[in-house]
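Values in this text are rule-based calculations from the coordinates and carry no lab data. Because the structure is a prediction, the values reported are computed rather than measured. Quick reminder, even Gly has a Cβ in these numbers, built from the backbone with ideal geometry, and neighbours come from all protein chains shown.
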Amino acid sequence: MSYLQTPSSSGGVNGHWQRHVGTVPFKLYYESQDTVESNQQATVAANLIYANPFPSGLGGMVDEIAISSLVAGSVGMLIRLGIYASTSDNNVYPSSLIADSGDIDFTSVAAKIAPISAKLAAGKLYWLVLVANNTVFRTNWNLGSAGCVYLGRSNIQIASQGNIGIQVSRAFGAFPATFPAGGSLIGGVSPAMPRIYVHFAS
C-alpha cells in the first residue's frame, strides 16, 4: 500500500528526519511542507513553474515523484514534476535541475506517480516543482494560512502570512537546467501551492 500524505502532522520538517525508505513493510510518500491541506478546486496558471521548498532531512535516493488528481483534467491536460537544488545554504533560491519527470497525463482521476532518479544530500533545502499546460485542475494544496513554513515570513505583523513557495513564468515543456530568474514569493492567506510528493528508495 502507499500513502500520499505526511507521516507526521505535528512537526513539519520532523517527518523528513524520520523518513521511511523502500517498500517494506509499507510504502510512504513525503510532501513538500506541513501547512494546511485543502482538497478544494484550485486554478493553476498554465506556463508557470510552482516551486515548493523541500528539506531533505537525512537525504537519500528519490525514485518517484507524485501528485494527486482529484478531478480529471481536460483533453490533452499535461503536467511535469521535477526537483531543483537551492543555490547555496545562504541563498535558497532554486538553482540546478536535479530531476524532471517528463510529461504526465492528467486526464484521469488517480495518483500520478512518475519514476525519477535523484540523489538528495542530507540537511539541504530542495525544491519540488510543477508546470502545467492548462489552467485548471484539482489536487491537494498547501495553503499559506497556517502550519510550518520554510521560507520565513514577509510580514511578521500578520501571523498567517507565511511564504510557502516561489512561482515564475516558463512555457510548458522540459524544465530548464537552471531555474529561471525573477521568481516571486507566494504567501499570505489566499495563495496556495500544489502539494507534491516524493518516495525515497534508499
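Numbers below:
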quantity	calculated
Contour minus Cα-Cα distance for Ser184 and Ser88 (0.36 nm per residue)	32.7 nm
Ranked list, fewest to most other Cβ atoms within 10 Å of each Cβ, for Ile164, Ile186, Ile83	Ile186, Ile83, Ile164
Virtual spin-label span in nm between Val24 and Thr107, 7 Å along Cα→Cβ	4.0 nm
Cβ-based exposure ranking for Met193, Met77, in which fewest neighbours within 10 Å come first	Met77, Met193
Label-point gap, in nm, between Leu70 and Lys124 - each point 7 angstrom along Cα→Cβ	3.3 nm
Cβ-Cβ FRET estimate between Ser169 and Ala201, R0 fixed at 35 Å, reported to 0.05	0.60
Cβ crowding within 10 Å averaged over residues, with 87-98, 48-59 ranked highest first	48-59, 87-98
Estimated vicinal HN-Hα couplings, Hz - the range 90-99 in sequence order (Karplus 6.51, -1.76, 1.60; Gly, Pro = x)	9, 9, 8, 4, x, 10, 8, 5, 9, 7
